[in-house]
Amino acid sequence: MRYSLARTASAPSAVDRDSSNAADSATEILIPDPPRCRSSIRLARAEKTFFAVWWSLRKDSSAALLTSRSDDGEPWTKPIAADTTDASGRGCTRPAPAIASDVVSGYVHIAYFAEPSSGAGVFYVHSMDRGESFHAPVPLVFGARPSNTAVSAEGGRVAAAYEDPNSSRPRIFAALSKTMGHIFELKLPVSEESAVAANPTAHLRGTKLEVSWTEIDPADSTRRRQASRTGTWK
């Protein structure tokens, strides 16, 4: 597998976190799960079907990763657990998950940071039956620092981007799979080691992958710019 990168960056500016897959307030109310962390709800769309993922709090402030589906405007389905292994006490102060759905394969893909008793890190789960059930979580990287994630998929290819939980400075990495997310054959750094990078997004179309993120000036955190790398995945 080969992957080549080119880098672009815009002029420094004040940048808000990308929320292209964040749920609006109307959608949040319809999600059938009162203990949900509202700010964690994320959506993905496949034609007329919407998929939602969110963190649902337990009494001990740990959380379960739940999903639901709405077909062609119908009510949301009963929540399904995608991952129940989190053992942290973070409550809702945890990074939101990322979700993608693929029309070609019918798969649903989720990338997220969790803290199970076996070790914290960035994980990935996927469903092969339109969110009816999920395979066991796959660790992309272990590390203690909470990390924002992104995921994109098309056909058999899946790309997950994440803030590396182990870098001395926050840095963006990508994990790539050509086996529908069953195995991630390649993991590589995307942002520069000297930069402070956060809040990744990922966009995959065929063999073209673009990963974008917010780059923060280490000397002045109010100075930010959008940076990105595009590559051909062969």
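The values are calculated or read from the model by the stated rules, or taken from the named source; none is laboratory data. From a predicted model like this one, the values you see are computed outputs, not experimental measurements. No Cβ is skipped: glycine too gets one built from the backbone with ideal geometry, and neighbour counts run over all protein chains shown.
Looking at the stretch 76-85, can you tell me whether even one residue there is within 20 Å of Val158 (Cα to Cα) and of a type outside the set (Lys, Arg)? Walk me through how you get there before you give the answer.
Narrowing the stretch 76-85 to residues within 20 Å of Val158 (Cα to Cα): 82-83.
Now restrict to residues that are of a type outside the set (Lys, Arg): 82-83.
Yes: the stretch 76-85 contains one or more residues that are within 20 Å of Val158 (Cα to Cα) and of a type outside the set (Lys, Arg).
Have a look at Ser105, Ser70 and point out the one that is over 20 Å from Ala136 (Cα atoms) and either at pLDDT below 95 or in contact with a Gly (Cβ under 9 Å, 6 or more places away or on another chain) (or both).
On the way: Ser105 fails: over 20 Å from Ala136 (Cα atoms).
The conditions single out Ser70.
Considering only the stretch 177-197, state which residues are surrounded by fewer than 20 Cβ atoms within 10 Å (Cβ to Cβ) and not in a loop (DSSP other than H, G, I, E, B).
Correct list: Leu186, Lys187, Leu188, Pro189, Val196.
To keep it simple, each residue is scored yes or no on (1) surrounded by 15 or more Cβ atoms within 10 Å (Cβ to Cβ); (2) closer than 18 Å to Pro146 by Cβ; (3) within 13 Å of the chain's Cα centre (by Cα); (4) not β-branched (Val, Ile, Thr).
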| site | (1), (2), (3), (4) |
| --- | --- |
| Cys37 | yes, yes, no, yes |
| Arg42 | yes, yes, yes, yes |
| Glu74 | no, no, no, yes |
| Asp83 | yes, yes, no, yes |
| Arg90 | yes, yes, no, yes |
| Val108 | yes, no, yes, no |
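Name every residue in the stretch 110-139 that is surrounded by fewer than 23 Cβ atoms within 10 Å (Cβ to Cβ), in a strand (DSSP E or B), in contact (Cβ under 8 Å) with a residue 24 or more places away in the chain and of a type outside the set (A, V, I, L, M, F, W, C), in order of residue number.
Pro116, Gly121, Ser127
Is it the case, given these coordinates, that Glu210 is outside any loop (DSSP other than H, G, I, E, B), without any contact (Cβ under 8 Å) to a residue 60 or more places away in the chain and surrounded by fewer than 20 Cβ atoms within 10 Å (Cβ to Cβ)?
Numbers: outside any loop (DSSP other than H, G, I, E, B): yes; without any contact (Cβ under 8 Å) to a residue 60 or more places away in the chain: yes; surrounded by fewer than 20 Cβ atoms within 10 Å (Cβ to Cβ): yes.
It is true that Glu210 is outside any loop (DSSP other than H, G, I, E, B), without any contact (Cβ under 8 Å) to a residue 60 or more places away in the chain and surrounded by fewer than 20 Cβ atoms within 10 Å (Cβ to Cβ).
Being closer than 17 Å to Ser39 by Cβ and either surrounded by fewer than 22 Cβ atoms within 10 Å (Cβ to Cβ) or out of contact with any helix residue (DSSP H, G or I) (no Cβ under 9 Å at 6 or more places or on another chain) (or both) is the filter here, so list the residues in the stretch 95-106 that pass it.
At the first step, the residues of the stretch 95-106 found to be closer than 17 Å to Ser39 by Cβ are 95-99.
Result: Pro95, Ala98, Ile99.
Which number in (1) over 21 Å from Ser228 (Cα atoms); (2) at pLDDT 50 or above marks the one condition that Asn21 misses?
Single failed check for Asn21: (1).
If you scan the stretch 213-225, which residues turn out to be modelled with pLDDT under 95 and either under 15 Å from Ser152 (Cα atoms) or surrounded by fewer than 19 Cβ atoms within 10 Å (Cβ to Cβ) (or both)?
Asp217, Pro218, Ala219, Asp220, Ser221, Thr222, Arg223, Arg225
All but one of (1) farther than 30 Å from Arg223 by Cβ; (2) of a type in the set (D, E, K, R); (3) modelled with pLDDT of 90 or more hold for Arg42, so report the exception by its number.
Of everything listed in (1) farther than 30 Å from Arg223 by Cβ; (2) of a type in the set (D, E, K, R); (3) modelled with pLDDT of 90 or more, Arg42 misses just condition (1).
Write out, first by first residue and then by second, each pair whose Cβ atoms fall under 6 Å of each other, whose residues are 6+ apart or on separate chains, and whose first residue, in the stretch 81-106, is closer than 29 Å to Arg205 by Cα while the second is assigned to a loop (DSSP other than H, G, I, E, B) and basic (Lys, Arg).
Listed pairs, sorted by first residue: Gly106/Arg130.
Do we have Thr93 as in a strand (DSSP E or B) and polar (S, T, N, Q) here? Full working, then the answer.
On the way: in a strand (DSSP E or B): no; polar (S, T, N, Q): yes.
So Thr93 fails the test.
Do you know which residues across the stretch 33-61 are under 15 Å from Gly89 (Cα atoms) and touching a residue at least 40 places away in the same chain (Cβ under 8 Å)?
Hits for the stretch 33-61 are Cys37, Trp55.
Return the residue satisfying two criteria in turn: it lies in the stretch 163-176 and is surrounded by fewer than 20 Cβ atoms within 10 Å (Cβ to Cβ) and free of Cβ contacts under 8 Å to residues at least 40 places away in the same chain, and of such residues it is nearest to Arg229 (Cα to Cα).
Ser167
Examine the stretch 144-162 for a residue that is in a strand (DSSP E or B), buried (at least 18 other Cβ atoms within 10 Å of the Cβ) and touching a Lys or Arg at 6+ places or on another chain (Cβ under 7 Å), and state whether such a residue exists. Talk me through it step by step, then tell me what you get.
Step one: of the stretch 144-162, the residues in a strand (DSSP E or B) are 149-154, 157-162.
Okay, now just the ones that are also buried (at least 18 other Cβ atoms within 10 Å of the Cβ), so 149-154, 157-162.
Filter again for touching a Lys or Arg at 6+ places or on another chain (Cβ under 7 Å), leaving 154, 157.
Among the residues of the stretch 144-162, at least one is in a strand (DSSP E or B), buried (at least 18 other Cβ atoms within 10 Å of the Cβ) and touching a Lys or Arg at 6+ places or on another chain (Cβ under 7 Å), which makes the answer yes.
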